[in-house]
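Right, one structure below, let's go through it.
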There are 2 protein chains.
Amino acid sequence: SDATASEAARARNLQLTKPPAALGRLEDLAIWYAGWRGAARPRLEKPQVIVFAGNHGITAQGVSAFPAEVTVQMVANFKAGGAAINQLAAAFGAQMSVVELDLERPTEDFTKGPAMSQADCVAALKAGWEAVDPQADLLVVGEMGIGNTTSAAAVACALFGGTAATWVGRGTGVDDAGLLIKERVVSEGAALHASRAPLEILAALGGRELAGMAGAIARARVARIPVILDGFICTAAAATLEKAVAGALDHAVAGHVSAEQAHVRVLEHLGKEPLLSLGMRLGEGSGAALAMGILKGAIACHSGMSTFAEAGVSEGA
Amino acid sequence: SDATASEAARARNLQLTKPPAALGRLEDLAIWYAGWRGAARPRLEKPQVIVFAGNHGITAQGVSAFPAEVTVQMVANFKAGGAAINQLAAAFGAQMSVVELDLERPTEDFTKGPAMSQADCVAALKAGWEAVDPQADLLVVGEMGIGNTTSAAAVACALFGGTAATWVGRGTGVDDAGLLIKERVVSEGAALHASRAPLEILAALGGRELAGMAGAIARARVARIPVILDGFICTAAAATLEKAVAGALDHAVAGHVSAEQAHVRVLEHLGKEPLLSLGMRLGEGSGAALAMGILKGAIACHSGMSTFAEAGVSEGA
């Protein structure tokens, strides 16, 4: 982040025609965004949404309410413009792309060995890195991958410890029997791989779409593109970066807290307070895309408002 | 609300390409909006923001951190496009207007008698009623009026009971001495006027901008225009309608909960759960205007997404 731009934005904020701090978190958001963009009065004009899709070997164990072929069906839906994320990206003026990551080749069952080889994980990270438009001024990453709340739960369990039960949830709506399977496989997977380094945990327990999101988030940091994190799966993938290098997510805010129960715990570990809490649990980047509206409003106020001097308004006592 | 449209919207929601309830509160919002607009697949294309301004005799007692002339200065700022609400209205594509209500003639000091005569209050209600564009498909009302958190606190205290201390807050940032004055005048005003009927309480303790907002919200209901409520002052004004006629705010949702401590209590009395909680306390309609983005996203998803059948996506178990 650019300290000069942050300071200039902070100074500007104090002069705007409103009581001090009256815009609450919008003020912090605008100053944070200004710092990453290196401009005291930034604009948000070119947001980008990328949805990564991957398939998971762990689905063979019966961890999801939906069959694995839904991943490829939903990719077709994204391409045709029919999914929730398409509507939200369009509503907030974002360009959107879909990155399919070897859908015909699911990851391996992580209870038996690593989900991905190092080469496979690097390829997915690279695909994420390359999918980022360097001209974008905001990035939202989302995912589609039947079985990936199980993968994310295993990643979080390995990164942060605790019992598997505290990291698993209903995902797309699995029944009680499926929930018990999720708990068992997460427990087994975490036991097998938790001793690894954070990015190796991403390879061993994550999926290609998790690695794709992590690669895109890392690239955004280098390109000074602020990021809005989505739900549990996105945040778990991002957490591998933060565990690898403290501060790696300073360019990211939490767009929302999802209804998937473990999400709030990952956010607490990362020290990120969500902008929205609307009971969403869809993935695709949908919660983060909705939060683009909050950031858009924050930046519009910060960069567009008149100062007390400009408007001839008396300041408070 | 139109039961046929609500039911059709509910049925459509179940067919959209997402797990059931995965969009959380966005689904309820879209169905609620569909009911009020009388369309199973509604659009949101013509939102309207109206800011009402009024002056308050009670300011002579020293209840605000800002001098009373700031009301007219801020009206000039609204007209010049320099305030927060201008930026937010523009960011979400809303038309915006400002209604000045006898700024050169403040209300009377409500500790000594009614703030407004019946005729003055009716004139302000009528101005609000007439300011609504019958072609609008969403309404946000906001306010500007130095001293009006004191007026709103007195209205809330008279409507809902409890001690004055529980209804007063810092407003635009009054100091400890000012806060004690606020508490005293609210206590005196509520004691003097609490026995009146709800709309008489609006006249006796409210201000012209509170009555303007109430008139606009009432007109919106007749015109089937959904409303997003803003912060403490807007919600206190709206509460007089609900206390007068139960269900009078069924066409309204709470856009946010503000940092003014009593707001959450008014919302609880009304049974309204806020969409946003971002520590805002500016008024002007700013919190509600920001929440327009949430509603826009909800309606975009509901009306734009493909169904499972249209997209060829397998449904869950």
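The values are calculated or read from the model by the stated rules, or taken from the named source; none is laboratory data. Bear in mind the structure is a predicted one, so any value in this text is a computation, not a measurement. Glycine gets a Cβ as well: all are built from the backbone with ideal geometry, and neighbour counts include every protein chain shown.
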Q) Consider B:E7 against the criteria (1) more than 20 Å from the chain's Cα centre (by Cα); (2) at pLDDT 95 or above; (3) outside any helix (DSSP H, G or I): it satisfies all of them except one. Which criterion is unmet? A) (3)
Q. Taking the stretch A:142-168 only, how many residues are of a type outside the set (A, V, I, L, M, F, W, C) and crowded, with 22+ Cβ neighbours inside 10 Å?
A. 8
(Q) I'd like to know if the stretch A:262-275 contains one or more residues that are at pLDDT below 95 and over 30 Å from B:A80 (Cα atoms). (A) no
Q.
Considering only residues that are facing chain B (nearest Cβ under 7 Å) and closer than 20 Å to A:G93 by Cα, which ones fall in the stretch A:287-317?
A. A:L290, A:G293, A:I294, A:K296, A:G297, A:A300, A:C301, A:G304
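Condition check ((1) out of contact with any Leu (no Cβ under 8 Å at 6 or more places or on another chain); (2) not assigned by TED's automatic domain parsing to the domain that holds B:E108) across all residues:
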residue	(1), (2)
B:Q15	yes, yes
B:L26	no, yes
B:W32	yes, yes
B:G35	yes, yes
B:G38	yes, yes
B:A53	no, no
B:H56	yes, no
B:T59	yes, no
Q. Of all residues in the stretch A:163-183, which are away from chain B (no Cβ under 14 Å) and in contact (Cβ under 8 Å) with a residue 24 or more places away in the chain?
A. A:T163, A:A164, A:T166, A:W167, A:V168, A:K182
Q. Hey, among A:A68, A:A80, A:A22, A:A76, which residue is over 20 Å from A:Q135 (Cα atoms), at pLDDT below 95 and within 11 Å of chain B (Cβ to nearest Cβ)?
A. A:A68
**Q.** Residue, surrounded by the most Cβ atoms within 10 Å (Cβ to Cβ), within the stretch B:46-62, restricted to residues that are over 19 Å from B:L101 (Cβ atoms) and in contact with a Gly (Cβ under 8 Å, 6 or more places away or on another chain)
**A.** B:P47
Q: Restricting attention to helices (runs of 4 or more DSSP H) lying wholly within the stretch B:45-144, give those where 3 or more residues are under 19 Å from B:A289 (Cβ atoms).
A: B:70-80, B:84-91
Q. How many residues, within the stretch A:1-56, are without any contact (Cβ under 8 Å) to a residue 60 or more places away in the chain and not acidic (D, E)?
A. 14
Q) Got at least one residue in the stretch B:182-190 being surrounded by fewer than 18 Cβ atoms within 10 Å (Cβ to Cβ) and either more than 22 Å from the chain's Cα centre (by Cα) or in a loop (DSSP other than H, G, I, E, B) (or both)? A) yes
